[in-house]
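A.B. asks: Mind having a look at this structure? Questions to follow.
The values are calculated or read from the model by the stated rules, or taken from the named source; none is laboratory data. Being a predicted model, the structure only gives us computed values, none of them experimental. FYI the Cβ positions are ideal-geometry reconstructions off the backbone, even for glycines, and counts take in every protein chain you see. Please note that ligands, DNA and RNA were not included when accessible areas were found on the heavy atoms of the full protein model with its side chains. Shrake-Rupley method; radii C 1.70, N 1.55, O 1.52, S 1.80 Å.
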Amino acid sequence: MTKDLEDDLHRVIMRGAEGAPQVPAGFPAQIVGRSRRRRGRSHAVAAALAVVVVAGGVGWAVRGQGDNAPVVLDPVATPSASAATTRAPAPRPIDQVWPQAVWKIPAKLPGVKKYQPRVFIDDHTVLLETWESFEKADAIYAYDLTTGGHRKIADIRTPKGVYASNYAAGQDRIVWQTIDDTRTTFWSVPIAGGEPAPIPTDAPVEGRADTMVVVGDRLAFSVMEGGVFTLPLTGGAVTPVAHAERHHILRWPWVGTPGEYTPDNEPSFEEIRNVETGETSKALVRPGDQYVRCGVTTCVGIAADDKPFYRLRDGSHERQVQQPAMMGLAYDRFMTVWTLDQRVRRQLLLDLATGKSGDLGLRLAPNGKGSRSVEPGISANNLVAYPLGDDYVIIDLTRIT
């Protein structure tokens with residue numbers, strides 16, 4: 001990590017710590033996994049997204065947008081009713097804080113079944129996926145955030161027990177993967193529409209792809225078993241990336257090991273490498289640190305004293321935070337937090353780079369009733385999307401400056 005980058009991140013952390021919203025103390029967490037059928041992942045490597053908040057001995061579960069599974073939070077005491085008020089003014093809605101990065105689109109579209117937003121096709125178009133049955137895609141659509149128009153791109157057909165996932169866009173094409181047992185097939189279709197076709201490879205891709213991204217005229221992907229590879233979008237030889245035999249894609253061109261899924265509580269992305277420049281970085285992990293998840297420049301986790309922290313990868317500028325970022329920081333700066341306001345918990349998106357936060361509109365009430373939870377995490381996907389009332393909220397993290 002360069003000195004200029006460290007200085008920049010130091011300023012980011014200081015501003016974020018000063019402006020971060022306060023929440024009830026004692027929100028430590030423990031991550032557990034379960035199988036994810038659509039990705040073919042085992043119990044040992046499943047990720048977490050839905051959150052179980054336990055307050056006053058009573059727990060409740062809420063589910064989040066994305067392709068991951070539950071996080072379990074340790075039981076904590078809830079403040080008394082007299083203390084359950086916030087000292088700061090109520091945060092503004094997210095679309096007022098970052099209007100350039102937030103849209104609301106109808107949750108029901110004419111001629112389209114219930115859908116899930118997946119990725120940005122470009123800076124004003126979102127890819128929507130509809131299901132034949134639970135998690136089994138049957139079609140993909142393009143939704144224009146500027147005009148509100150939508151159109152079908154393609155129908156998707158997969159055999160029983162095989163699921164489409166990990167969509168990416170580039171070079172005027174949509175690509176995705178299917179996993180049959182432990183073999184991955186990549187598919188492609190023109191953004192303009194057409195019939196999907198497998199991308200031919202010189203040999204079968206043995207392994208379960210976990211992350212993929214379009215890089216120029218090639219598809220770059222990593223597999224759950226470890227290893228980073230590239231493949232021409234038009235098909236051809238699957239080429240291993242040098243010095244990345246055990247690695248996973250973090251945020252291209254950065255790859256690292258271990259990957260995002262660490263069944264034995266290893267630090268996630270402890271070692272990273274820039275495959276274009278050769279630059280490397282190994283995160284400092286202190287004795288007793290738990291649930292450490294690192295990005296390109298920062299790490300978060302829970303220290304030996306059970307207090308959540310974030311710091312630079314070299315261990316400098318460490319600060320305590322009020323809640324753990326169990327999925328890591330998105331783009332090294334974004335996390336979600338819960339605040340308590342008149343006995344109702346509301347979820348905010350917090351930008352540690354500026355200290356600003358926006359109300360996502362998601363709530364948890366004392367009786368356990370509430371809505372969904374959002375955890376952007378260290379995924380390279382800049383899309384955050386979740387249903388809210390009659391709409392879907394769409395957020396482009398890269399538009400937040």
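A.B. asks: What Kirkwood Rh does segment 258-323 have if only Cα atoms enter the pairwise 1/r average? Answer in Å.
C.D. replies: 12.1 Å
A.B. asks: Given a 1.4 angstrom probe, what's the average accessible area per residue across segment 113-218, in square angstrom?
C.D. replies: 45 Å²
A.B. asks: Could you list the residues of segment 198-215 with an amide nitrogen less than 19 Å from a label point located 7 Å from the Cα of residue 225 in the Cα-to-C-beta direction?
C.D. replies: 201-212
A.B. asks: Shifting gears a bit: Give me the net charge for the shell around residue 142: Cβ to Cβ below 10 angstrom, other residues only, Lys and Arg +1, Asp and Glu -1.
C.D. replies: Charge balance in the 10 Å sphere: 0.
A.B. asks: Taking the solvent-accessible surface of protein heavy atoms with a 1.4 Å probe, what is the per residue accessible area of segment 260-333 in Å²?
C.D. replies: Computed with neighbouring chains in place, this is 40 Å² per residue.
A.B. asks: Right, here's the next one. Calculate the spin-label point distance for residue 277 paired with residue 157, positioning each point 7 Å from the Cα along the beta-carbon direction, and give it in nanometres.
C.D. replies: It is 4.8 nm.
A.B. asks: How far apart, in nm, are the 7 Å Cα→Cβ label points at residue 401 and residue 307?
C.D. replies: Label-label distance for residue 401 and residue 307, simple model: 3.6 nm.
A.B. asks: Roughly how many Å² of residue 248 are accessible to a 1.4 Å probe, to the nearest 10?
C.D. replies: Approximately 20 Å² of residue 248 is accessible to the 1.4 Å probe.
A.B. asks: Any chance you could run the full-extension gain for residue 132 through residue 243? It's 0.36 nm times the residue separation minus the Cα-Cα distance, nm to one decimal.
C.D. replies: 35.9 nm
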